[in-house]
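> Here it is, the structure, as structure tokens.
The values are calculated or read from the model by the stated rules, or taken from the named source; none is laboratory data. The shown structure was predicted, so the numbers you read here are calculated from the model rather than taken from an experiment. Counting neighbours? That spans all protein chains shown, and the Cβs are built from the backbone with ideal geometry, glycine included.
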């Protein structure tokens, strides 16, 4: 009978949770590498959006500054992904619940990335609008605020506000998910 049960060791590994921990940690490391590629791709797309004849120098200056914010965002996102990857790798093996604690970390990470994206790009867009005098349409909802001083200020305020809301919601969902596990553990005992 033992010769037929070829998946016994694999299923034992899955049950103890090490496969989930390893796969999630590696997935976040791969996403960190993909973030570098995404930042470079976005940078090229932004230059193409502003390029053309008759574009004033201040638009290029504003875009250069926005590019610096884009690089800072990439650095922040890569840091978040790698730190959360380490957090997942440190999860205990063989606990009664393996995937849920990983998912709690994942939910927090999504909110942190969204908050960083909105806050950093909100400030970058605000400065771009102030320097260039025009609004650059980004594919991020809530950051298109118009032109002029008020448009730039609105991009900054909305960036921080929307980012904070995403952070709060993701941490709330993570805490609720963790609370369900705590309830299940206490009910078991």
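> Only residues that are exposed (fewer than 12 other Cβ atoms within 10 Å of the Cβ) and either outside any helix (DSSP H, G or I) or within 23 Å of the chain's Cα centre (by Cα) (or both): list them for the stretch 35-51, please.
Of everything in the stretch 35-51, those that are exposed (fewer than 12 other Cβ atoms within 10 Å of the Cβ) and either outside any helix (DSSP H, G or I) or within 23 Å of the chain's Cα centre (by Cα) (or both) turn out to be 37, 41, 44, 45, 51.
> What number of residues within the stretch 17-67 satisfy the criterion of being under 18 Å from residue 90 (Cβ atoms) and modelled with pLDDT of 75 or more?
13
> If I ask for residues that are surrounded by 14 or more Cβ atoms within 10 Å (Cβ to Cβ), closer than 16 Å to residue 109 by Cα and without any contact (Cβ under 8 Å) to a residue 40 or more places away in the chain, which ones from the stretch 156-174 would you list?
If the condition is that a residue be surrounded by 14 or more Cβ atoms within 10 Å (Cβ to Cβ), closer than 16 Å to residue 109 by Cα and without any contact (Cβ under 8 Å) to a residue 40 or more places away in the chain, then 165 is the only one that fits.
> Another question, then. Scan (1) closer than 30 Å to residue 49 by Cα; (2) part of a helix (DSSP H, G or I) for the single condition residue 108 breaks and write down its number.
Failing condition for residue 108: (1).
> Which one of these is out of contact with any helix residue (DSSP H, G or I) (no Cβ under 9 Å at 6 or more places or on another chain) and either more than 23 Å from residue 72 (Cβ to Cβ) or part of a helix (DSSP H, G or I) (or both): 131, 183?
183
> In this structure, is residue 176 more than 24 Å from residue 73 (Cα to Cα) and either modelled with pLDDT of 95 or more or in a helix (DSSP H, G or I) (or both)?
yes
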